[in-house]
């Protein structure tokens, strides 16, 4: 257990440093670290502090968010197929961003896109809470999430459908693939408070999720407030997923694959999986963001495309390995 | 000492009354069997008594706040749910949830060890609970409830689907709990086991408690015919009470 934590932490740290050292501007490793930590405001320091540092931090932060939210969602629904996007918040955040691009808000105001995405996420979470908040069980939450995702997806398509502006359509399509390229410290400061709040909320769920291993009835009889747990789960997931989608677009499969991958290593206990998945998600997204810069540096490969491209076969492999134990 | 007290408890689901006016007390050291035909509301009665279901009337357990209630009663639902492939030990330790501080204390470990020993699971502590047989899983889940270390244990059909040896062993475990001063309320369909192992039976049917008392008092031929629509052979032998259902009444 502690060894797993240590090796995951080490992997995150190593990938983080590596992420700082790779980029289109070829800077020698030592120079880049000197630029980051030493004073001065030359071009090297500029690249390091304003481009690479926020990119690396955002990758680690959003990866951790997706891993944590995925583990919490799977633990609550007791279903290894659950993922953070399930409650419809990422879909509605994407809709907000798409509207910002289409209306030109994102072009006229730098933070227009992420702010609209956050507004979209808020709308989605309010709707999910109205449908599945204080009452209604896990099934209602899933159904409400599916309905909201479908609605947001349809409205996104409608924007694309009716758009008269080919540049906006182009931009929307690429934005929806998810990316961490050209993000600034401002993006980080915008996403950080929501993310931290979401982490605190999700991290508090450990014991309740453990008790849910025995089913909702038994967990409730052991003193777990199920409605409060569901509320905290929805709000925590909405915070981290809304903030992540707002700055990086839709990044799939991390929240699904990482908890699945790490579950055997923590004895399948949901509370221990929360932390492991957070670290694993950070490592995975840092690695994926490194890969998009190394594999096709001049073609701007999108992060969300790569995570799905790597994640899906990985998931197939896991299913192949465990299918004998599945009912 | 009263461990559960119901006063005029009624439950109505979707406009249909399931039962009404249920009043009963369970004291210390009792092994109580809750019997009744399908649909009589045995599960509903237990869930309402726990406060997991909307109800009218009073239940001493439902009135407690959730954490205090979890220290007063352990509940085993009928569905034997084990969602993740955790070890037997980890699963039994979940029974300590209502007692735990941040870390497991000496008392927690002691209660878990005792529950595992009691159910004879020591040799499978580190095995994965989801890979065990149905009978073994049932025993692990009983150990979980015992680890909760409550004065009252409520179990919904804990012996359904077990082979005779495990059924008898489970009933004897519960009877042993009762002898040690704790109390058990179990719903049962097997009237033979109920007559043999329970110190008291509560017969639920026709929307009310039809009878409440010792097995001999509750399982009269008239009552058995009225509640279950069957005839039965009964005898008090030197090997205990024998109850064998015979025929369905027309």
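Only the coordinates and a few stated rules stand behind these numbers; no lab work does. All figures in this text were calculated on a predicted structure; none of them were measured in a lab. We place every Cβ from the backbone using ideal geometry, glycine too, and count neighbours over all the protein chains shown.
Largest GNM mean-square fluctuation across A:315, A:37, A:253, computed for chain A with C-alpha springs under 10 Å, falls on A:37. Secondary-structure-derived ellipticity at 222 nm for the protein assembly as shown, considering helices only, amounts to -18000 deg cm²/dmol, per-run term -39500 (n - 2.57) for DSSP H runs with n ≥ 4. For segment A:201-296, the fraction of C-alpha pairs farther apart than 19 angstrom is 51 percent. The average projected area of segment A:112-193, computed from the convex hull of its Cα atoms over all directions, is 6.9 nm².
By the Stokes-Einstein formula, at 0.692 mPa s and 37 °C, segment A:65-131 with its Kirkwood radius over alpha-carbon pairs has D equal to 258 µm²/s.
Nearest 10 degrees, 0 to 90: what angle lies between the long axis of helix B:134-147 and the longest principal axis of chain B (Cα atoms)? Long axis of B:134-147 versus the principal axis of chain B: about 80 degrees. Just to be sure I understand the curve: with the Debye formula and one point per C-alpha of chain A, what is log10 I(q)/I(0) at q = 0.14 Å⁻¹? Each listed q maps to, in turn, -1.09.
Against the longest principal axis of chain A, how steep is helix A:226-248, in degrees 0 to 90 to the nearest 10, with axes from Cα atoms? The two axes meet at around 20 degrees. Within the listed set B:137, B:239, B:126, the Gaussian network model of chain B (springs between alpha-carbon atoms below 10 Å) gives the highest mean-square fluctuation for B:239.
Relative to the compact-globule estimate of 2.2 N^0.38 Å, the Cα radius of gyration of segment B:60-118 comes out at 1.23.
Size descriptors for segment A:245-294, from the alpha-carbon set: Rg then Dmax equal 12.1, 36 Å.
Over segment A:227-267, all Cα pairs binned in 10 Å intervals from 0 give whole-percent P(r) values of 24, 38, 35, 2, listed from short to long. When all alpha carbon pairs of segment A:259-327 are counted in 5 Å bins from zero, the resulting P(r) reads 3, 15, 19, 20, 18, 12, 7, 4, 1, 0 %.
With the Kirkwood sum run over all distinct C-alpha pairs, segment B:39-92 has a hydrodynamic radius of 13.0 Å. Taking the three principal axes of the alpha carbon atoms in segment A:1-61, the coordinate ranges are 44, 20, 20 Å, sorted in descending order. GNM remark for chain B: springs join alpha carbons under 10 Å apart, and the peak mean-square fluctuation among B:92, B:32, B:224 falls on B:224. Specify whether the C-alpha gyration tensor of segment A:131-251 places it in the rounded, prolate or oblate class, a ≥ b ≥ c being the square roots of the eigenvalues: rounded for a/c under 1.5, otherwise prolate if a/b is larger than b/c and oblate if not. Note, shape of segment A:131-251 comes out oblate.
Ratio of Rg to Rh for the protein assembly as shown: 1.09 [Cα atoms; Kirkwood radius as inverse mean 1/r over pairs]. Over segment B:1-49, the ratio between the Cα radius of gyration and 2.2 N^0.38 Å evaluates to 1.21.
Size estimate for segment B:144-218 follows the Kirkwood approach: the inverse of mean 1/r over distinct Cα pairs works out to 13.1 Å.
The alpha-carbon positions of segment B:1-129 define a convex hull whose volume is 154 Å³ per residue. Based on every Cα atom in segment B:191-250, Rg and the maximum pairwise Cα distance Dmax equal 11.2, 36 Å. Between 0 and 90 degrees, the angle of helix A:89-103 with respect to the longest Cα principal axis of chain A falls at about 40 degrees. Computed from the C-beta positions of residue B:236 and residue A:161, the FRET efficiency with R₀ = 56 Å rounds to 0.10. Here the translational diffusion coefficient of segment A:54-198 follows from Stokes-Einstein with Rh set to the Kirkwood radius across Cα pairs; for 4 °C and 1.567 mPa s it amounts to 80 µm²/s.
Of the beta bridges in the protein assembly as shown, as assigned by DSSP with both residues counted there, near 60 percent are antiparallel. Segment A:107-152 and segment A:1-43 have their alpha-carbon centroids 35 Å apart.
Within segment A:1-117, the percentage of alpha carbon pairs spaced more than 20 angstrom apart rounds to 63%. Pairwise Cα distances in segment B:102-250 exceed 20 Å for 55 percent of all pairs. Its convex hull of Cα atoms gives segment B:2-248 a direction-averaged projected area, equal to a quarter of the hull surface, of 14.0 nm². On the beta carbon distance between residue B:65 and residue A:13, with R0 = 35 Å, the FRET formula returns roughly 0.20.
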